[in-house]
């Protein structure tokens, strides 16, 4: 269990425990209230009310609430890339929905995680802090507590998380580098498809050409997102005339090469919410995309 510890200093004299907690620990109001309700604030290893004024040298410790998810466990393979007491980051395989829905109540990453927890003996409440489409492979971040979820979400909002993708797109991109800065919205509320539209949410995608396949007419690109809109890469690349290979929704279908969009969340760089260490994690290109690249050459 993650603990937050602060040793009271001269500068803290006269402050109540709850004031010190607000000063040194960046908890959301909701999490602070839950910590208070469950009496998880300790002063020198004893439970303490928030109005107590500690002395210099006293140690305040805050434990995070223990929580669990309640999805059905299923033996679905998982590929963990990084794990500690606060985060689990997996390399999601294509064809797997992240979270149960009415149409897909089982067979999801959440069900796989429940099975994984049963066999590791380390239960936690599942909090997905980024999402990947069913047919997009690559790095998926799961926070094991509310604090890490809130901090990672803050980093994403402040554009402090670098998310790099690899995609095979139709056609030959002329420029080695480019930026697509076009708003994305949902033209029809009854249709899942998004599109570039006036009044849409600001959306920025940077791309770099990694390899051109002149004979077959495809390009391998690396994409860096400044924003994280639904279907952003797929919409932007389709809008400039280079839809992602295999993307049935935005015009990239070619079942002779691949039966899903050739899009892979390849790397993540962010600051660990607890240790404050900068982490860069990578996931290798999946076999189906490697097969396509071999065929295009």
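The values are calculated or read from the model by the stated rules, or taken from the named source; none is laboratory data. Bear in mind the structure is a predicted one, so any value in this text is a computation, not a measurement. Neighbour counts are summed over all protein chains in view; Cβ atoms, including those assigned to glycine, are modelled from backbone coordinates with ideal geometry.
Can we say residue 195 is touching a residue at least 12 places away in the same chain (Cβ under 8 Å), surrounded by fewer than 22 Cβ atoms within 10 Å (Cβ to Cβ), assigned by TED's automatic domain parsing to the domain that holds residue 138 and more than 24 Å from residue 171 (Cα to Cα)?
No; evaluated as a whole, the condition is false for this residue.
I need a count of the residues in segment 85-99 that are at pLDDT below 95 and over 21 Å from residue 261 (Cα atoms).
2
Please state which of the following conditions residue 4 fails to meet, knowing it meets all the rest: (1) more than 22 Å from the chain's Cα centre (by Cα); (2) not in a strand (DSSP E or B).
(2)
Looking at segment 1-27, which of the residues that are surrounded by 14 or more Cβ atoms within 10 Å (Cβ to Cβ) and under 30 Å from residue 121 (Cα atoms) is modelled with the lowest pLDDT?
Checked segment 1-27; the qualifying residue modelled with the lowest pLDDT is 2.
Please pick out the residue among 166, 214, 160, 182 that is closer than 18 Å to residue 261 by Cα and touching a residue at least 40 places away in the same chain (Cβ under 8 Å).
Checking each option against the conditions leaves just 166.
Can you pull out the strands (runs of 3 or more DSSP E) entirely within segment 205-288 that have at least 2 residues that are surrounded by 21 or more Cβ atoms within 10 Å (Cβ to Cβ) and in contact with a helix residue (DSSP H, G or I) (Cβ under 9 Å, 6 or more places away or on another chain)?
Those strands (runs of 3 or more DSSP E) span 218-225, 263-271.
Assess whether residue 182 counts as being under 30 Å from residue 295 (Cα atoms), in contact with a strand residue (DSSP E or B) (Cβ under 6 Å, 6 or more places away or on another chain) and assigned by TED's automatic domain parsing to the domain that holds residue 126.
So residue 182 fails the test.
When you scan segment 47-142 for strands (runs of 3 or more DSSP E) that lie fully inside it, which ones turn up with 2 or more residues that are crowded, with 17+ Cβ neighbours inside 10 Å and either touching a residue at least 12 places away in the same chain (Cβ under 8 Å) or not assigned by TED's automatic domain parsing to the domain that holds residue 283 (or both)?
Qualifying strands (runs of 3 or more DSSP E): 59-63, 87-92.
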